[in-house]
1. At q = 0.29 Å⁻¹, what base-10 log of I(q)/I(0) does the Debye formula yield for the stretch 256-307 when every alpha carbon is treated as an equal point scatterer in vacuo?
2. Calculated from DSSP H runs of 4 or more alone, at -39500 (n - 2.57) each and per residue, what is the 222 nm mean residue ellipticity of the chain, nearest 500?
3. How large is log10 of I(q)/I(0) for the stretch 122-241 at q = 0.10 Å⁻¹ when the intensity is taken from the Debye formula with one equal scatterer per alpha-carbon?
4. Please give the Cα centre distance for the stretch 366-395 versus the stretch 587-601, rounded to the nearest Å.
5. Could the peptides 232-238, 255-261, 176-182 be put in order, highest first, of the mean number of other beta-carbon atoms found within 10 Å of their residues?
6. Kindly state, to the nearest 0.05, the FRET efficiency for N445 paired with L27, given R0 = 22 Å and r defined as their beta-carbon distance.
7. Each label point is 7 Å from the Cα along the Cα-to-Cβ direction; what then is the distance between the points at I545 and Q632, in nm?
8. Work through the residues other than V478 whose Cβ is under 15 Å from its Cβ and net out their charges, Lys, Arg +1 and Asp, Glu -1.
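The values are calculated or read from the model by the stated rules, or taken from the named source; none is laboratory data. Remember, it's a predicted structure, so these values are computed and weren't measured experimentally. Here the Cβ positions follow ideal geometry from the backbone for every residue, glycine too, while neighbour counts run over all protein chains shown. Surface areas here come from the heavy atoms of the whole protein model, side chains and all, with no ligands, DNA or RNA. Shrake-Rupley method; radii C 1.70, N 1.55, O 1.52, S 1.80 Å.
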Amino acid sequence: MSDAGGLPLEKASQHREQYLSLQRDSLRDPESFWAKIASQLVWHEKWNKVLLWDPPFAQWFVGGTLNASENAVDKHVKSWRKNKAAYLWEGENGERRTITYGEFHREVNRLASVFQNFGLRKGDTVAMYMPLVPEFPIAMLACARLGLPFTVVFSGFSATALAERIQDCQAKIVVTADGGYRRGKILELKTVVDDAVKESPSVKHVVVFRRTGHVVPMIEGRDHWWHELMAKASSYVAPVPVESTHLLYILYTSGTTGKPKGVAHSTGGYLVFAYATQEWVFDAKDDDVYWCTADIGWVTGHTYVVFAPLMHGLTSVIYEGALDYPRPDRWWEIVERYRVSILYTAPTAIRSLMRYGDDLPKQHHLDSLRILGSVGEPINPAAWQWYFDVIGHGRCPIVDTWWQTETGGIMISPSPRLGLVQLKAGSATFPLPGVEADVVDEKGNSLPPSEKGFLVIKRPWPGMFMTLYNDPERYRQVYWTRFPALYYPGDYAMRDAEGYFWLLGRADEVIKVAGHRLGTKEVEDALVSHPSVAEAAVAGKPDPIKGETIVAFVMLRKMAIPSNQLSEELKQHVRKMIGPIAIPESIYFARALPKTRSGKIMRRVIKAVAAGGQIGDLSTLEDDASVDEVRQAIEGLQTAEKTT
Ligand code: 6R9
């Protein structure tokens, strides 16, 4: 590991010092630092104030106006990039399409014209429930062109979850497809939308892209085929300049309560941060072929499949389907076919592919690769090393990027563009410029090296979300009260003797299942909404591939009888309420759940039992719960009938 990152050890500390001094410089006068980057974007009117910080609410580039689609597409159409590929798309079924910036621009404009013809105006919201096709980013950019805030709902969510999100933001239009392909089967997206829209009176129109061609019901007057609308649309619509603080999108994410949080991103600050981080972390040039494998339904897709690579005029790969379909070397085939040079993916995917052994990647030419990225959860050293050796042939630095839906873009990561520090397997290294991070104790005091504490961010950054949609109080509560004046992301972290940051997983009730962010409370609420369930407690259990899986302990109502059939029914119920991504791997029927006197479920205990590990010292129970009662409940959990 001495040459990880291609840097001989003797040079490593020198490099670190150089990078850290650059990082420190950026914090000396952050406003001019960010203003300089912001001036690389296209603005209609220049801002008069870089940052208005009224804690915990930040407004970036106040007074400035711009348009996201103009920055992402119009800019390139006016240059030689007009005929450069924006997206190289591959369907799971083998179909391929290349979309140039010129073509992309025309489609964005035509869809914007469709939206205009529907009477949509700046500020109206649009929801999307799409497979991974080029029309997905086209729809996002078309919204941005008119200043229509959009919300994307990941296609692994159920009709109930989709309806909840549509209703929360009062979407007037839903953009979807007749289906998408996943492991050779058709995802019935339109049917899900139909069920969700039934309960969502705000929705006036549904635009349906034809992906699979199979028959789907179309409701006269409400549902419209994408291609029919586009045929009548005009090929240019002037971009609507919006205020820098205008809502670009809302992305619902999980927290510690059952209700998803609508993370609200601005236009100006978000785009500036996306633009900067793309360059620092991926160092992409015009001749790179960049592939971020994330689904666009997640924030990684929003920032690093759509906005950031487009602003830089890059060529991105989008692959629609499953990573091992029809064969487990599908990804390596794609890297070889398009000569991918930058690959950005998640530890869970790396571990899945690692399981198939070294032979498959070895059968493909992967020598085009030059930078490898990781995101979504801590990457374990074994997966890191395999990625580095077998995929990167020991030549490609791994950028382990820590960030969140809320942060808008990458916060902590190595930076090949600004100066690559010596890498360490499993560390995201240092904060990027303009980002001031720290590790603190319970009271918010900075911790010395090697002590585990909470990650905090000490000053606003342009990509930070503006608020939680329609709920500024919850925004304040969740993120800014744990440590006054510090942003609390909810992660454990530690710094080592050399100051490297090690991200150690969530400190709250958020779990990451195959990189998908879910709240235990969401799954508990779904279980409890079933008539047989009295109470439920859910925990993440460490899993060698998925990072975590969901384990549920369920206390039934008096009349209900534990059975495999009921367990299956509960899983289907969770699927219906949230979606397939939230189905518990195992459900245990418990006689009682360990609780404190005040009735709070003791999560530490639940988690330990789920993991099959040590429960720890019961005498330190918060909220003077009776040790005996707790012990009995734990016994109940441990002997609970396992039915799955
Ligand atoms: C981008 C994204 C955010 C949470 C975050 C943390 C975990 C993400 C990580 C990482 C360790 C990394 N996380 N990247 N943990 N190392 N490189 O994943 O957003 O879905 O909102 O999740 O994911 O726990 O707080 P999101």
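1. -1.22
2. Working: 18 runs with 186 residues, N = 644.
Computed mean residue ellipticity for the chain: -8500 deg cm²/dmol.
3. -0.28
4. Between the Cα centres of the stretch 366-395 and the stretch 587-601 lies a distance of 41 Å.
5. Values: 232-238: 13.9, 255-261: 19.0, 176-182: 23.7.
Highest to lowest by the protection proxy: 176-182, 255-261, 232-238.
6. Values: r = 20 Å, r/R0 = 0.90.
Computed FRET efficiency for N445 and L27: 0.65.
7. 4.1 nm
8. Numbers: positive: K259, K261, R474, R476, R482, R506, R517, K521; negative: E406, D471, E473, D491, D508, E509, E522.
Once all neighbours under 15 Å are counted, the net charge is +1.
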